[in-house]
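The values are calculated or read from the model by the stated rules, or taken from the named source; none is laboratory data. These numbers were taken from a predicted model, which means no experiment stands behind them. Counting neighbours? That spans all protein chains shown, and the Cβs are built from the backbone with ideal geometry, glycine included. Quick note on the areas: whole protein, heavy atoms, side chains included, nothing else; ligands and nucleic acids left out. Shrake-Rupley method; radii C 1.70, N 1.55, O 1.52, S 1.80 Å.
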Amino acid sequence: MLWVQRFKTAQQNVLNRIVSPCNAASPGQCHIAHRALLGAAKRSGALRFNSTAAESSTAKVTGVTRDDGVFKTWKPITPGVRHKRMASRQHLHKGKPVRALTVAKRRTGGRNHHGRITCRHRGGGAKRRIRLVDFKRRDGGPQEVVRLEYDPGRTAHIALIRHLETGKLSYILAPAQLKPGMIVQSFIQQSEQIDREARLKQQQQEQHAEEEEIVGESVSQPLTEGVEEEEPNAQASGDGKKLWQPSNMNRSVTIAPGNCLPLKMIPAGTLIHNIGLHKGEKGRLARAAGTYAQLLYTSNKGCAQIKLMSGEVRRVPVDVCATIGTVSNPNHKHESLGKAGARRLRGWRPSVRGVAMNKKDHPHGGGRGKSKSKHHPVSPWGKPAKGGKTRLKPNPMVIRPRSRS
């Protein structure tokens, strides 16, 4: 770059000025000249060109911030930004969201319709608009990714997609590998339509078989003339009836990031997110930033097995929706807000320790000084707070629970 060449030239000129006085001077005078010229060079900035200057060609550096594409850091001009570190948002859209795909967020401050606090540590915060994210992915057909956007209501990023046939706009959770211009598809409706056709075909075959049995009983002759030819996708069951099976769609379905499919169409071992719990409902599992689940087992009917990031292995129906890939913004877990005020702007109020309360306000309260007592940590209502079991009945869908160490 031109400015780099100019900087190198200025640096060389300063070095030449430092060396030239020492050619015809005593050692003491040479040392004094060196110190004077080095101080002038540092004040002018000619000797500040180092490895960080080379890195600035790829990192975006402004007055007090530095964004290297991974994290955004601040120059410590105040104590609040000394340790502040946020995930980079260079690749996100800088403008406002689509107004029709947002609604106003009305805050309650953690209070119910009686005005009593039912959710502690909530209140205040900046004004927000809720982005209406499509977790069901019911619209089939190719959809183009228009841009990636920041969503203040969740830790992950969202993607604005446009249907290539209808032009409909919608928001979806952005996978980690998704970029503007890519094409994503949803095969949920297509899979449900094939299932309906299969059930209808099976009902017609069963009804036709019952009619043939009635005709065979009334007319005493062998049923060798009215036998139908077997269909290429038909299979015989144990009792001799033919069951119509749909063709394998995996041959025509692309397992690419952002595509939404039922679990029975996804090969085992694939990383997925936005997983539903019931057929026809929206995705509920693995929606936070950087999260994913691994599909361990699936089949054409029944339940599939998935492994969550917590280590829990559980069963879910094979007809539920799931999106290929991992959720975007994996560096969110390394962010540091830097000060308490940033937490207040996000709608969170301070949390008071139980040992700092009175005995009537918390089980940990009371006593002389910082008294912890010999009891295990509990909530204000006496429930175990650290690792204790609070579920009365185990979840029958959980095969292996997460570790609670």
I need to check one value: relative contact order of segment 256-405, counting alpha carbon pairs closer than 8 Å and at least 6 residues apart, in percent. 22
Computed ³J(HN,Hα) along segment 106-120: with the Karplus parameters 6.51/-1.76/1.60, θ = phi - 60°, integer Hz and x for glycine or proline, the list is 9, 8, 10, x, x, 10, 8, 6, 8, x, 9, 6, 10, 9, 6
If the reach is capped at under 29 angstrom between alpha carbons, list the lysines near Lys374, excluding any in the same chain fewer than eight residues apart. Lys359, Lys360, Lys383, Lys386, Lys389, Lys393
Note to self: with every protein chain in place and a 1.4 Å probe, segment 85-212 gives an accessible area per residue in Å² of 60
With θ set to phi - 60°, apply the Karplus curve 6.51 cos²θ - 1.76 cosθ + 1.60 along segment 126-133 and write out the HN-Hα couplings as whole Hz, x wherever there is a Gly or Pro. 6, 5, 9, 10, 7, 7, 7, 8
Run through every distinct alpha carbon pair of segment 266-346 and return the Kirkwood hydrodynamic radius in angstroms, one decimal place. 13.9
With the cut-off at 1.5 for a/c, could you classify segment 151-221 from its C-alpha gyration tensor as rounded, prolate or oblate? prolate
With a 1.4 Å probe and every protein chain kept in, tell me what percent of the accessible surface of segment 256-357 is carbon plus sulfur. 51
Compute the separation of the alpha-carbon centres of segment 329-370 and segment 185-218 and state it in Å as a whole number. 60
Sorted by chain and then number, the residues having a modelled amide H within less than 5 Å of the amide H of Ala156, at least 5 places away or on another chain, are Ala289
HN-Hα couplings for segment 271-280 via Karplus (6.51, -1.76, 1.60; θ = phi - 60°), in whole Hz with x for Gly/Pro, come out as 7, 9, 8, 6, 9, x, 10, 9, 5, x
Under 5 Å from the placed amide H of Arg284, counting only residues 5+ away or on other chains, we find Ile275, Gly276, Leu277
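Ordering Glu149, Glu335 by accessible area with a probe of 1.4 Å, largest first, what comes out?
In descending accessible area the options line up as Glu335, Glu149.
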So, over other residues within a Cβ distance under 15 Å of Arg284, counting Lys, Arg +1 and Asp, Glu -1, the net charge is +4
5 Å is the cut-off here: which amide hydrogens, built 1.01 Å from N in the peptide plane, fall below it relative to Arg349, excluding neighbours closer than 5 in sequence? Arg122, Gly123
